[in-house]
Amino acid sequence: MNTYYAKLGRLIDERTSYHKDGYYILCEDNILRYSDTKPNNIEIITSERFVDALADGCRTTIANFAETAENKDVYAFNLFIFDDHKYYIIYMNTEEKYNARIAEYQAKYPRYAEPSDQRSVKYSQGDFDFEFFFTPEDVGDPGRIISAYEDVVNIESNNDEIGAIEEDDLPVIAFEVSIIHDGMYVLTLKAIERLLSENAFASLNRTSDFIAYAAINHDWLDYSLIMPKTIDSDLYKQVFPDVYELHNQFKDEMQRIKDLSVSDAIDYWMPAIQDRHNLESPFSYCKAEYDVFLQVEVYENELAQECIHRMKQLLLNDQVGYDYFNEYEFYAEALHYAGELSNVQKTSCIEIADALLSSGEEQLFDVANELLVHINRKR
C-alpha cells in the first residue's frame, strides 16, 4: 500500500499544514546544511518568496512567448512539477501544433480517430511543443531561485542526514524546510491561482477553452484534485468530458455503498490501495488514493474507534511484521479523517506507537510516528 498520495492530497487540499520548522542552507561547492533556527546574513526563501519566484518566472515566460509568431490559439498553460525529482517545467501548446501532432499519430495508428484518444494527446505534456525552464538565462532572477531550489532537492534526496553548518562553509541561500518537504506542491498550485487572479495570461492569444493548471505527474491526483482547483467546472466538463463522466460514475458508486457500516467500508476500501498498480475503484474513475479516505470521513469518530480497535487486535495477536504494514498504514492515515480524537483515543495512539517502535520492525516506525502526530492534532 502507498498512502503517500493520500497524504499529498491532504496537503494540497490544505486539510493538513505543510509547514515545518527549520531551514536548509545551500553552501558553495553544493554542500547542504540544516539549521533549526533562522540563519543570519543570508538570503532566505520563504514560502511566499517561492510562490513569487514561480509566478514571476511564469510571467516572464508568458511575456516572451506573447512576442513570438507562435502566439496563436494557445489552449493550455501548465506549470508542471515532476513528482519523483521535484523539478519544474512550463508547458504550453497551440491548436496548430496539436493538429500537426494528432495528424502524425492518425497516419500511424487508427485508434487516434477516437475523440477520447485525441484528447489524451491534446493534454499530454509529452506531446506539447513548447516547454520552458526556470533558468537565470530564461527567466532572470526567479530562475536563480528555482535553480537553487532544485539543487537543494537533489542533494537532500541523496543524503540520509544533513548536518549543521560548519565554520568553513560558505552559505549561498537558505530555504524553509517546508518548501522542500512537499510544500512545493501546495505552492505550485498557489502560483497558478495567483496568475489567474491577476489575469496574467491576457497577452496570450488564447482559445475560448484555454486552461491554466498545475500538475505533479500523478494523473489521478492531477485530474481529481489539482486541476479542478484552477479550471471552472463547466470548462472542465467541456475540455475533459470523459474524466467528468467518470467522476460522476464515482459519485453513483458512492451512493450505492453509502449505507455500509464503518467496518465494512474499511474492508471495502483497503484492497483498493494495497497495490499502487490497482486499476479498480477509485482509480478506474480517475480518482486518487486521497479520494478513498474522503469516503470514510463520514463515519467521524466511529472511524477512529474502529481503526484503533483493529490496530490493538493486530498487536494482541503479535502481528507486527512486514505482512501487516499495509493495514497499520491504512489505519494511521484514516485517523486524519476521523475528527478530533478523545483523550482515551490519543492515549491508545501513544500505546500503539510505543509498541510499534519497540517491535524492531523498521518499516513500522513511520506508522508509529504518524500515530503520534494525532496526539496534538486539531481539526
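Taking amide H atoms as placed 1.01 Å from N in the peptide plane, the amide H of His218 has no partner under 5 Å among residues 5 or more positions away or on other chains. Pairs of alpha-carbon atoms within less than 8 angstrom and 6+ residues apart define the contacts here; what relative contact order does the chain have, in percent? Taking the mean separation of contacting Cα pairs over the length of the chain, I get 21 percent. Computing FRET efficiency as 1/(1 + (r/R0)^6) for Asn64 and Lys251, where r is the C-beta to C-beta distance and R0 is 41 Å, gives about 0.45. Sequentially through the range 44-55, phi angles give Karplus couplings (6.51, -1.76, 1.60; θ = phi - 60°) of 10, 9, 8, 4, 5, 5, 5, 4, 4, 5, 4, 5 Hz, Gly and Pro residues having no value and appearing as x.
Among the trypsin sites (Lys or Arg not before Pro) in the range 192-286, those placed in a DSSP loop whose Cβ has at most 10 other Cβ atoms within 10 Å are Lys258. With protein chains left intact and a 1.4 Å probe, residues in the chain average 48 Å² of accessible area per residue. Structure remark: mean-square fluctuation, Gaussian network model of the chain, C-alpha springs under 10 Å; the largest value among Asp291, Asp264, Asp222 belongs to Asp264.
Restricting the calculation to Cα atoms, the range 16-239 shows an Rg/Rh of 1.03 when the hydrodynamic-style radius is the Kirkwood one.
Computed 3J(HN,Hα) for the range 144-155, one whole-Hz value per residue from the Karplus formula 6.51 cos²θ - 1.76 cosθ + 1.60 where θ = phi - 60°, is 4, 5, 5, 5, 5, 4, 5, 5, 4, 4, 5, 5, glycine and proline marked x. Under 19 Å from a label point set 7 Å out along the Cα-to-Cβ vector of Leu316, the amide N atoms of the range 336-368 belong to 344-356.
Seen from Tyr285, the other residues with C-beta closer than 10 Å to its C-beta sum to a net charge of -3, counting Lys and Arg as +1 and Asp and Glu as -1. Values (1) 21.9; (2) 41.7; (3) 23.5 are given for comparison; mean projected area of the Cα convex hull in nm², derived from the coordinates here, is the one labelled (1).
Site pair Asp232 and Asp138 shows an inter-label distance of 3.0 nm when each label is modelled 7 Å from Cα along Cα→Cβ. For Asp323, the solvent-accessible surface with a 1.4 Å probe is about 130 Å², rounded to the nearest 10. Here the Karplus curve 6.51 cos²θ - 1.76 cosθ + 1.60, taken at θ = phi - 60°, turns the phi angles of the range 191-198 into couplings of 5, 5, 4, 5, 4, 5, 5, 8 Hz, with x standing for Gly and Pro. If you take the alpha carbon atoms of the range 230-299 and fit the smallest convex hull around them, that volume is 100 Å³ per residue. Peptide packing: for 241-248, 14-21, the average count of neighbouring Cβ atoms within 10 Å per residue gives the ranking 241-248, 14-21, highest mean first. Between Lys108 and Asp219, the FRET efficiency estimated from the beta carbon spacing at R0 = 25 angstrom works out to 0.60.
Taking the DSSP beta bridges in the chain as the whole, what percent of them are antiparallel, to the nearest 5? Around 65 percent antiparallel, to the nearest 5. For a modelled paramagnetic label at Ser120, 7 Å from Cα along Cα-to-Cβ, the residues of the range 76-105 in reach, with backbone nitrogen under 15 Å, are 102, 105. For GluC sites (Glu not before Pro), the sites in the range 46-82 that DSSP calls loop and that have at most 13 other Cβ atoms within 10 Å are Glu67.
Each of Ser208 and Asp264 was given a label point 7 Å from its Cα along the Cα-to-Cβ line. The distance between the two points is 4.8 nm. Of the GluC sites (Glu not before Pro) found in the range 140-170, the ones in coil according to DSSP and having at most 16 other Cβ atoms within 10 Å of their Cβ are Glu161, Glu166, Glu167.
The values are calculated or read from the model by the stated rules, or taken from the named source; none is laboratory data. Just so we're clear, the structure is a prediction, and the values are computed from it rather than from any experiment. A quick note on method: Cβ atoms are made from the backbone with ideal geometry, for glycine too, and the neighbour counts reach across all protein chains shown. Just so you know, the surface numbers come from the protein's heavy atoms only, side chains and all, with ligands and any DNA or RNA stripped out. Shrake-Rupley method; radii C 1.70, N 1.55, O 1.52, S 1.80 Å.
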